[in-house]
Amino acid sequence: AQSVAQPEDQVNVAEGNPLTVKCTYSVSGNPYLFWYVQYPNRGLQFLLKYITGDNLVKGSYGFEAEFNKSQTSFHLKKPSALVSDSALYFCAVRDKSLGGFKTIFGAGTRLFVKA
Amino acid sequence: NAGVTQTPKFQVLKTGQSMTLQCAQDMNHNSMYWYRQDPGMGLRLIYYSASEGTTDKGEVPNGYNVSRLNKREFSLRLESAAPSQTSVYFCASSQSFLTGSDEQYFGPGTRLTVT
């Protein structure tokens, strides 16, 4: 079955430390991969996407993500976490095999950055 | 430029009541979407409209209907609300459903409780 997995419900990190939020997917074909962030009582905001080319993509607010085709992963990273990065993060996949370009979202990972 | 707007922000319904959630976007996007967000389940697609004049079912369409009123507006109707429809509803838009690589832009959400 087509799916997106975010194996950690919650990630805790100290301010200034690097952070990683994990995402793996099971989708046939060559999907497009996205990360979105949701702050409390707000809609999702686009962070970054992988379409093709360089496996390391850079996005908003200093975030970056690494695409690994062999491991079917797209982990979100940031070299130095800020308290303001605390939010809910969603990995998402779009692919024609889903019926048109529908999007599958992961269940979300809550990031807590402690001062 | 307001982006994607949704009304209302909050709503409480009794079982069996009906209501319509309104959504509008001012980005001249062709495609619009309705999602529901439930704890631990990410976002699930209810209906989408790839372009003005077309609508299609998503992952969880039962109990809902939609109308793409024009290019800007996409409404979601609950004909007979059920407690299982208690959720947070998000409207989103993108340049083109057919492109696949486009990110989606989300509204602030409607928090619906059905008692």
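Please treat every number below as a calculation from the coordinates, not as lab data. Quick caveat: nothing in here was measured; it's all calculated off a predicted structure. Note that we place each Cβ from the backbone using ideal geometry, even for glycine, and neighbour counts take in every protein chain shown.
Note down the relative contact order for chain A as a percent, whole number, built from C-alpha pairs under 8 angstrom at least six residues apart.
36
Pairs of lysines 8 or more apart, or on different chains, with alpha carbons under 23 Å: count those in the range A:1-106, would you?
Step by step, the pairs that qualify in the range A:1-106 add up to 19.
Pick from B:Ser87, B:Ser101, B:Ser75 the residue whose mean-square fluctuation is largest in a GNM of chain B, springs joining Cα atoms under 10 Å.
Among B:Ser87, B:Ser101, B:Ser75, the largest mean-square fluctuation in the Gaussian network model of chain B belongs to B:Ser101.
Read phi for every residue in the range A:11-22 and hand back ³J(HN,Hα) as whole Hz from Karplus 6.51 cos²θ - 1.76 cosθ + 1.60, θ = phi - 60°, with x for Gly and Pro.
Taking θ as phi minus 60°, the curve returns 10, 10, 8, 7, 4, x, 7, x, 10, 9, 10, 8 Hz for the range A:11-22.
In bins 5 Å wide, starting from 0, what share of all Cα pairs of chain B does each bin hold, as a percent?
2, 13, 24, 26, 19, 10, 4, 1
Over the range B:1-56, what portion of Cα pair distances is larger than 16 Å, expressed as a whole percent?
When all Cα pairs of the range B:1-56 are counted, 59 percent exceed 16 Å.
Could you state the number of Å between the C-alpha centres of the range A:56-99 and the range B:44-115?
Comparing the Cα centres of the range B:44-115 and the range A:56-99, I get a distance of 24 Å.
Pop out the ³J(HN,Hα) list for the range A:46-61 in order, Karplus 6.51 cos²θ - 1.76 cosθ + 1.60 with θ = phi - 60°, rounded to Hz; leave Gly and Pro as x.
Calculated HN-Hα couplings, in order: 5, 9, 6, 8, 10, 10, 6, x, 3, 6, 9, 10, 10, x, 6, 6 Hz.
Could you list the trypsin sites (Lys or Arg not before Pro) in the range A:7-115 that lie in coil according to DSSP, counting only those with at most 10 other Cβ atoms within 10 Å of their Cβ?
A:Lys69
Going from the alpha-carbon gyration tensor of the range B:56-99, what semi-axes, largest first and in whole Å, does one get by taking the root of 5 times each eigenvalue?
Square roots of five times the eigenvalues give 22, 12, 10 Å.
Within the range A:37-65, what residues put their amide N at less than 13 Å from the label point 7 Å along the Cα-to-Cβ vector of B:Lys9?
Flagged as within label range: A:41-43.
Give me a single rounded figure for B:93-103: the average over its residues of other chain Cβ atoms within 10 Å of their Cβ.
The mean count of partner-chain Cβ atoms within 10 Å per residue comes to 5.
Mean-square fluctuation check for chain B, GNM, Cα pairs under 10 Å: which of B:Ser80, B:Ser94, B:Ser31 is largest?
In the Gaussian network model the winner is B:Ser80.
Counting alpha carbon pairs within less than 8 Å and at least 6 residues apart, what relative contact order, in whole percent, applies to chain B?
36
Would you kindly work out the equivalent ellipsoid of chain A from its C-alpha gyration tensor and give its semi-axes, the square roots of five times the eigenvalues, largest first in whole Å?
Those come to 24, 15, 12 Å.
Using a Gaussian network model on chain B with a 10 Å cutoff between Cα atoms, which of B:Met32, B:Met41, B:Met19 fluctuates the most?
Maximum fluctuation in the GNM of chain B, among the listed residues, is at B:Met41.
How large is the Kirkwood hydrodynamic radius of the protein assembly as shown, counting all unique pairs of alpha carbons, in Å?
Mean inverse Cα-Cα distance, inverted, gives 18.1 Å.
Find, among the chymotrypsin sites (Phe, Trp or Tyr not before Pro) in the range B:1-42, those assigned to loop by DSSP (not H, G, I, E, B) with at most 10 other beta-carbon atoms within 10 angstrom.
Here no chymotrypsin sites (Phe, Trp or Tyr not before Pro) fit, given the DSSP loop and packing criteria.
I need the phi-derived Karplus couplings for the range B:22-36: 6.51 cos²θ - 1.76 cosθ + 1.60, θ = phi - 60°, integer Hz, Gly and Pro marked x.
Each residue of the range B:22-36 in turn: 9, 9, 9, 10, 10, 9, 6, 6, 7, 10, 9, 9, 10, 10, 10 Hz.
Mind listing which trypsin sites (Lys or Arg not before Pro) in the range B:1-87 are in a DSSP loop and have 11 or fewer other Cβ atoms within 10 Å? Could the numbers behind the result be given before it?
Working: sites: B:Lys9, B:Lys14, B:Arg36, B:Arg44, B:Lys57, B:Arg68, B:Lys71, B:Arg72, B:Arg77; in loops: B:Lys9, B:Lys14, B:Lys71, B:Arg72.
For trypsin sites (Lys or Arg not before Pro) across the range B:1-87 that sit outside H, G, I, E and B with at most 11 neighbouring Cβ atoms in 10 Å, the list reads B:Lys9, B:Lys14.
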